[in-house]
Each structure stands twice: as structure tokens, then as C-alpha cells.
Amino acid sequence: MTLRLGKEVLSRIGPQLVLVCHVVGVLISFPAAAQSGAQAGRTSPPAVIIRSVKVIPEKDGPTIEIMSNRPISPVINKLDRPLRLVIDLPNARISAHGKRIDFRDEAVSGVRLDQYQNDPPIARVVVDLLKSRFYSWDATGNRLMVRMYTVESHLDTAALENRVHSQRSACRCSSQYWNVRRGGTGG
């Protein structure tokens, strides 16, 4: 009798149990399907191709010229131990894996290029430094320039800017004085 009751109960809830299992299976697979559907609908732009990297020696320090097939904005970090300038190029690919550029000066011991990461793609240029350098960057079209300069040249530039500013202020005062002496209202 117990077996028969079990069969009766099982026969009544069997279709409901199958339905519950099916619903649970659909709910479990839904987030994965939704996620892959969202990724399929969200296409990232094609990666920028790095065409060339050059080191241009200049009076105040070297400039790294990076040419690409489209404009790019770098993420630059200055790191210690060892001292280096790391130029990351997001969504970019470089074909020169593990390449070195033969360049040395009093503050730079070498320049390395590599594909740092494949997904998402990040190309990387590392400037190994012997001395601390300031840097700035600018981009025009498909050309990115990362300029490095010595602390001394930066201080000289800042001092020159301060002198020019002081001279402008002095000229403005002289001009105001001249205008006042001539009966004007000042400059």
C-alpha cells in the first residue's frame, strides 16, 4: 500500500516536478545567455596598430615618437626600483614583441617595446632611466610625442617663465607710471 501511495503521489507531482526542473534550468542558463548576448551586442572598436616607435635625441632630453594608424592617448607612469617611464597604449597592438631600441644617453639606458596584454590589447613602451626625468606628451593626428627632459632644464624653464612674468609685471608698472605722468589713468 505504501508503494501504491508513493506511485500515486509521484504520478500527480511528476509533471509539476519536471516543470520546476525545467524552469530552474532556464533561470540558471539565462544570466549566461544574457551576458553573452550583451557582449555580442557590445563590440569594441578595432585595436589601434602601432606602426613605428622612434627615439629622437634633443637638447633637453630624448623624445619618443609613436606613429599609429589612428589617434591614441597614452597612460604614462613613472616608476621606481628600477627607475623607468612606462607608456601604456590602451586598445593598441604592436608587432614588435620584446624589441629593444638601441638608444643610450646620460639618463636613459634603453627603450623596450612589447605587447603587454592581449585582451583587452595594451601595447607598452618602457624607457629605462638612469636619472630622474620630467615628461610631457602631446598628440597630433596619428603621431604621439612623449618628451623627456632633465630636472635642470625644467627648472631653467620655470625660472625663465618666472623672469618673463616678473619682467612683464615690471613693464606693466612702468607703463602705468608713464601713463600717470602724462596725465593718463594708468595702464
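Just so it is clear, none of the values below were taken in a lab; they were calculated from the coordinates. Predicted model only: the values in this text are computed from it and were never measured. Quick reminder, even Gly has a Cβ in these numbers, built from the backbone with ideal geometry, and neighbours come from all protein chains shown.
The table for this structure:
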{"quantity": "FRET efficiency, R104 to S44 (Cβ-Cβ, R0 41 Å, nearest 0.05)", "calculated": "0.60"}
{"quantity": "Filtered GluC sites (Glu not before Pro), the stretch 36-121: DSSP coil and at most 15 other beta carbons within 10 Å", "calculated": "E58, E106"}
{"quantity": "Interchain or long-range residues, amide H under 5 Å from I49's placed H", "calculated": "N69, R70, R93"}
{"quantity": "Footprinting exposure proxy for I64, I56, I49 (fewest neighbouring C-beta atoms within 10 Å first)", "calculated": "I56, I49, I64"}
